[in-house]
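The values are calculated or read from the model by the stated rules, or taken from the named source; none is laboratory data. This is a predicted model, so every value here is computed, not measured. Ideal geometry is used to build each Cβ from the backbone, glycine not excepted, and the neighbour counts take in all protein chains shown.
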Amino acid sequence: MSRSNDESDESSHDENEEDESSDEEDEFDASLDIDSDYYEDLDDDDLEPVEQLMNLFLDVDVEVKRERRDFLEELAPLIADWDGDYPDLGDIFETEEMDCLLSEAVTCTNRRQDDPGKLFLEFVVSCGYKDEPGQDVGRRRSTAVHRAARREFFDEIVRELFKIYDKCEVNYADELGLTHFHAACQAGCKDVVAKFLELGVDPNLRVPESGNTALHLTQSAEVFELLLRRGADPNAANYMGFTPLHVICESNGFHDDDLAESLFKVADERRLEVLVDARDWEGWTPLHLSLCRGHRHLTELLLRRGADPNAAADDGSTPLHIVCTDCIDESELSEILFRISDERQRAVRVDAVDGKGRTPLQMAVANFLLNTVEILLDRGADLSIFVFPSASQLAAGFRPHLDEVFMNFKLRIASGALVVVERLEKEGYELDRAGALRIMEFYNKYQLWNKSADLYALLLGNEEFAARMKSTRINKSSLTLYELLRMAPAEAAKRLACRDYFEFARQSDFVGLPDTGKMIITTQLCEILSRRFFRRWALDCLQELIRHRLPILCCDSILEKLANEDLWRVCVAAALGQNQERDNDHKGVKTNVIIKRNDERPVRAKKAPKRQQDYVR
């Protein structure tokens, strides 16, 4: 179509009455026709805003992504400062063209104020544009609503789009079966959801690809309650076995408590049973998920609603195992679990064993959950069946790639490993050498050794750094961090207990210090706090290695000069010697080291003579 020339001779209209009549009928449409020659002679500043818009869209192929994106970016400055009345966009864009542009706007938006996609969407809404699909459009149709609904944190965009796609007579579904109804529920558009339900949409309609119903998708308590009152099934499970209650407990949303309250309130009113112990594809109940996410109120609500505190998942994990899995000491969760169970007279199995043979106590120790360890011991956890975790199991709940951004990470795990051992020993547990070596191997795994020779130079040479250390006190004691770091490790080890370091690590992250200084501080503190532990085990190991040929005081004097990493190597050497002796005993071979009565230097022999067997060690 070509734009009619307003400057044409009036005589041409007088010559043909029929043509004149035709021109009058098409006058409005012709005024919107685009003649590229007409615009070539004009600057954009000479055009009205609507004409500039049409000029920008002149050669755009909406089927080409790059051209759609370029159009939105070029249009952004114009619509950001739109001057004049808003145009009827239905006269400029075909329905399919607007669909493509809105979908592109959703794709490229980053929700900044000057974002081209966001500006275009707001402009279309301001123009009052409404989607008017043709008669041949079926229910299977992908729209910008579907595109936005599949993007995370785009609920606000979906709500804006429903001002455009406001026809609910047809519930459009995309190629994977997600419908406008599902999108409205997910975005919390209560009025739109109500309109769909009034027009006969099934409240239990599922998304084919996931099996989710509207209750699985919504995070709005109002929409959740509306769906329940309109007949939504509170126990419908998706393809992973998740019920709406599973989804609520698994989420980290701000409205999870409200959703759960709405679920139980409406279920009570309608006399519906909510399956609080429903299991997903891994055998997890909502209580497992609630504890895993750290939901205190939800956990209490589930327990008061009859959730089984001993329900075991397919891998044998009970809710108590879940509490002891995380690296964050959520002792309040275990307290809630025991307290509500006591009120309901349901005993919690503190020594339940999962599929890997682990008890809750073993997992709590492995993750250094001191408060939880104390609760389990107070609740009667059986130390006779306790097996100290391996080096690979220690701190398994920690995520070094995330936790190491905090420079107190190493201090937390170094002190945590020892403080739980102290608590176990206080209860009567006897740590053996194998357990001690596991802790030492853990220290080596995370390189909790002090290898820096620059500590004192750093402290003394940097006045600002030293001043910061002098102003930092260890918990509530009078001892400053500067004073502690200036002490010799042996002396410093006498000033504070492991628990003091553990509490200090939880409260301080050395904010404002240079990274090099933080690392030096951390490794030095790790060296100090573990000094007594390493000396204690290395002493026996050294005596064993030298066959007790030196007095204890001499051995202790030797160890005093060694760093913790060297003390660990002494213990490893002793362990290797023990293993060799066991292998020899198993093979029937006697040791080849002979200690003579006259304390001469031991000689090596492949086999000890019978008369000297009494001296073989």
Notebook entry, point to check: Would the stretch 327-338 turn up any residue that is more than 30 Å from residue 418 (Cβ to Cβ), over 21 Å from the mean Cα position of the chain (by Cα) and not aliphatic (A, V, I, L, M)?
Noted result: no
Checklist line | Residues of the stretch 84-98 satisfying the condition of being touching a Phe, Trp or Tyr at 6+ places or on another chain (Cβ under 9 Å) and either without any contact (Cβ under 8 Å) to a residue 24 or more places away in the chain or in a helix (DSSP H, G or I) (or both) | finding: 89, 90, 91, 97, 98
Next item on the list: Check whether at least one residue in the stretch 297-304 is farther than 22 Å from residue 206 by Cβ, surrounded by 15 or more Cβ atoms within 10 Å (Cβ to Cβ) and basic (Lys, Arg), and report yes or no.
Entry: no
Next item on the list: Would you mention how many residues in the stretch 345-382 are without any contact (Cβ under 8 Å) to a residue 12 or more places away in the chain and either acidic (Asp, Glu) or not in a loop (DSSP other than H, G, I, E, B) (or both)?
Entry: 1
Checklist line | Candidate set from the stretch 118-149 (those that are without any contact (Cβ under 8 Å) to a residue 40 or more places away in the chain and within 31 Å of the chain's Cα centre (by Cα)); member that is nearest to residue 88 (Cα to Cα) | finding: 118
Margin query: Among (1) closer than 21 Å to residue 563 by Cβ; (2) at pLDDT 85 or above; (3) in a loop (DSSP other than H, G, I, E, B); (4) not hydroxyl-bearing (Ser, Thr, Tyr), there is one condition residue 391 misses while meeting the rest; what is its number?
Written below: (2)
Margin query: Looking only at the stretch 304-330, count every residue that is in contact with a Leu (Cβ under 7 Å, 6 or more places away or on another chain) and in a helix (DSSP H, G or I) and tell me the total.
Written below: 4
Notebook entry, point to check: Which one of these does residue 420 not meet: (1) modelled with pLDDT of 90 or more; (2) surrounded by fewer than 20 Cβ atoms within 10 Å (Cβ to Cβ)?
Noted result: (2)
Next item on the list: Exactly one condition in (1) farther than 30 Å from residue 577 by Cα; (2) at pLDDT 90 or above is not met by residue 437; state its number.
Entry: (1)
Next item on the list: Of the conditions (1) under 30 Å from residue 374 (Cβ atoms); (2) of a type in the set (D, E, K, R); (3) at pLDDT below 90, residue 426 clears all except one; give me its number.
Entry: (3)
Item checked: Cβ-Cβ under 8 Å pairs, at least 6 apart or on other chains, the stretch 269-288 side among the small types (Gly, Ala, Ser), far side in a helix (DSSP H, G or I) -> 278/245; 278/246; 278/286
Item checked: Whichever residue in the stretch 94-108 is closer than 17 Å to residue 66 by Cβ and of a type in the set (Ser, Thr, Tyr) and, among such residues, is modelled with the lowest pLDDT -> 107
Next item on the list: Look through the stretch 137-149, keep the residues that are of a type outside the set (Gly, Ala, Ser) and surrounded by fewer than 19 Cβ atoms within 10 Å (Cβ to Cβ), and return whichever of them is nearest to residue 100 (Cα to Cα).
Entry: 141
Notebook entry, point to check: Taking into account only those residues within the stretch 447-465 that are of a type in the set (A, V, I, L, M, F, W, C) and farther than 15 Å from residue 524 by Cα, which is modelled with the lowest pLDDT?
Noted result: 460
Margin query: Here is a list: 612, 578. Which entry is surrounded by 11 or more Cβ atoms within 10 Å (Cβ to Cβ), in a helix (DSSP H, G or I) and at pLDDT below 55?
Written below: 612
Item checked: helices (runs of 4 or more DSSP H) completely within the stretch 206-289 that count 3 or more residues being surrounded by fewer than 23 Cβ atoms within 10 Å (Cβ to Cβ) and among the acidic types (Asp, Glu) -> 256-269
Check: Of these, 175, 198, 152, which one is in contact with a strand residue (DSSP E or B) (Cβ under 8 Å, 6 or more places away or on another chain), over 26 Å from residue 89 (Cα atoms), of a type in the set (D, E, K, R) and loosely packed, with under 14 Cβ neighbours inside 10 Å?
Finding: 175
